[in-house]
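The values are calculated or read from the model by the stated rules, or taken from the named source; none is laboratory data. Predicted model, so just to flag it, every value in this text is computed and none were measured. Because the Cβ atoms are built from the backbone with ideal geometry, glycine has one as well, and the counts that use them run over all protein chains shown.
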Amino acid sequence: MQPLVSIIIPTYNRSSLLGETLDSVLAQTYTYWECIIVDDGSTDYTAELLKFYLRNDSRIRVLKREDDRLKGANACRNIGFENSLGKFLIFLDSDDVLAKNCLAERVKVAEKIPQYSFYVFKMQSFLYHIGDLDRIININRENDESYIEMLLKHKIPWPLTALFIKRPSFISFDEDLKRFQDVLFSLKLTIFNDQFKILDIPPDCFYRNDANNKLKYKNPQFQKIIFESFLKFLKICERDIFNDLKDPVIIKKYKSCLVKAFKEYLVSYAFLHKREHKNLINEIFKFLNKNNYLTNSERLKLFVVNFIFLKEQYIIKGVGLYRLSQMLAKK
C-alpha cells in the first residue's frame, strides 16, 4: 500500500501566488497525498480561491486558525499537523512550488532507505519562473562543522520545504517565536532525531525570491522583532536543549555558536539603528553573561562595543562600524 503524504501549507493574504503553489501540488505524479491549507486570517481573495480548489479535488482541505491560537505560520503548521494523517510530512510555503516528481522521488527514497527519521532534499530559488535562477538554497557543512553547530550559528543548512519527515519524528513549532521558527524546528529535529539523510540529487522544490521580503530587514521595527526572537531563542535553547546535555565540552561549543550568531546580528542590524535596539541588546548581553556563554575575551569585546557604540560614544576618533565589525569577527 502506498504511504500517504501530508502537505501542510500555512497562508496569509497570498491569493495572488497561492494558486501556482496548489497547481504544483495537483500536478504531482504521486497521487496518494492530502493537502491541508491553514488560513491565518486572510483578508484578500484567499477564501474565494480556496473554494475553487475544494470543489475540484477532495484531497484538499482548508482549516482556519482559531482565535485561541497565536497568529502566525507556526500555529498554522501545528494545526495542519494535528489534523493530518500522513506517514510523511512536507511543509510548503504558500508562495513556493513543488516539481511534479517531488513526492514520487521522496517516497521512493524513503521506502528504499527506511532507517532514517527524516530526509533532506535540495531546494532551488527562482525569481519569476522556475529556472531563471540556479542558486541552491541548501548550505553544505564546512570541514568538521556539524549541522547542529550550523543551526545554532543561524547558518540554515536547509529550508523547511526541503525536509521529508516521518510522522513520529515531528517536533512541534514554537508558537511564541515570531522569527527563527525554521531554525529552531530544524535544530530540535536534528538533535532529537540523529538518523537523517542528506540527498545529493537535483532540486525538487523551488523557493520564490521576493524583493519586498528583503526590504523588511531594513525596517527598525522588524529588526526589533529579530532581537526579541533571538532572546527567546536563547532561552528556549537553555531550557529545552542545554539542560538535557551532560557533556560540558559540547555545551560550551554549542553556546559559542550562539554567541557567533549574536555577533552577526549586531553587525547586520544593531549598529545601523542603535537607539531602537539598545535595551534589547543590553538584555541579550546580560543573558549571555549570566549563563556562561562568553569567554573572557568575548565578554570584554562585547562590553567595549556596548559602551562605545550602543551607548553612542562612537565619537571617539577612529571608531566606526567597520572597526567594530572587525573587532567582533576576531576570535
Of all residues in the stretch 114-135, count the ones that are more than 16 Å from L98 (Cβ to Cβ) and either out of contact with any helix residue (DSSP H, G or I) (no Cβ under 8 Å at 6 or more places or on another chain) or at pLDDT below 90 (or both).
8
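Sort through K278, K235, K252 and tell me the only one that's more than 19 Å from the chain's Cα centre (by Cα) and either modelled with pLDDT of 90 or more or assigned to a loop (DSSP other than H, G, I, E, B) (or both).
Working: K278 fails: either modelled with pLDDT of 90 or more or assigned to a loop (DSSP other than H, G, I, E, B) (or both); K235 fails: more than 19 Å from the chain's Cα centre (by Cα).
The match here is K252.
With F230, F262, F242 as the choices, which residue is over 19 Å from K178 (Cβ atoms) and either surrounded by fewer than 20 Cβ atoms within 10 Å (Cβ to Cβ) or out of contact with any Ser or Thr (no Cβ under 8 Å at 6 or more places or on another chain) (or both)?
Working: F230 fails: over 19 Å from K178 (Cβ atoms); F262 fails: over 19 Å from K178 (Cβ atoms).
The conditions single out F242.
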Does any residue of the stretch 297-319 turn out to be modelled with pLDDT of 55 or more, under 26 Å from the mean Cα position of the chain (by Cα), of a type in the set (D, E, K, R) and in a helix (DSSP H, G or I)?
no
Evaluate the stretch 47-59: report whether one residue or more is outside any loop (DSSP other than H, G, I, E, B), at pLDDT 95 or above and buried (at least 21 other Cβ atoms within 10 Å of the Cβ).
yes
Cross-chain or 6+ apart pairs with Cβ under 8 Å, the stretch 211-224 first and within 20 Å of N279 (Cβ to Cβ), then part of a helix (DSSP H, G or I) and modelled with pLDDT of 70 or more
P220/H277; F222/K216; Q223/H277; K224/H277; K224/L280
Between S6, S15, which is among the hydroxyl-bearing types (S, T, Y) and farther than 25 Å from L177 by Cβ?
S15
Being of a type in the set (S, T, N, Q), modelled with pLDDT of 95 or more and either buried (at least 19 other Cβ atoms within 10 Å of the Cβ) or in a loop (DSSP other than H, G, I, E, B) (or both) narrows it down to one residue among S84, S42, S94; which is it?
S84
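Can you tell me how many residues within the stretch 1-19 are within 22 Å of the chain's Cα centre (by Cα) and outside any strand (DSSP E or B)? Write out each step before concluding.
Pass one, the stretch 1-19, residues within 22 Å of the chain's Cα centre (by Cα): 5-14, 17-18.
Still in the running and outside any strand (DSSP E or B): 12-14, 17-18.
Adding up the residues that qualify gives 5.
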Report every pair of residues separated by at least 6 positions or lying on different chains whose Cβ atoms are under 7 Å apart, first residue within the stretch 15-34 and farther than 20 Å from L89 by Cβ, second part of a helix (DSSP H, G or I).
S15/T46; S15/L49; G19/L49
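Somewhere in the stretch 210-223, is a residue modelled with pLDDT under 90, buried (at least 18 other Cβ atoms within 10 Å of the Cβ) and not assigned by TED's automatic domain parsing to the domain that holds E149? I'd like the intermediate steps shown before the answer.
Initially, the stretch 210-223 is screened for residues modelled with pLDDT under 90, giving 210-223.
Okay, now just the ones that are also buried (at least 18 other Cβ atoms within 10 Å of the Cβ), so 223.
Filter again for not assigned by TED's automatic domain parsing to the domain that holds E149, leaving 223.
Looking for residues that are modelled with pLDDT under 90, buried (at least 18 other Cβ atoms within 10 Å of the Cβ) and not assigned by TED's automatic domain parsing to the domain that holds E149, one finds at least one in the stretch 210-223, hence yes.
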The stretch 175-194 - residue that is in a loop (DSSP other than H, G, I, E, B) and touching a helix residue (DSSP H, G or I) at 6+ places or on another chain (Cβ under 6 Å) and, of those, nearest to C76 (Cα to Cα):
E175
Conditions: (1) within 18 Å of L163 (Cβ to Cβ); (2) assigned to a loop (DSSP other than H, G, I, E, B). N78 meets all but one. Number of the miss?
(2)
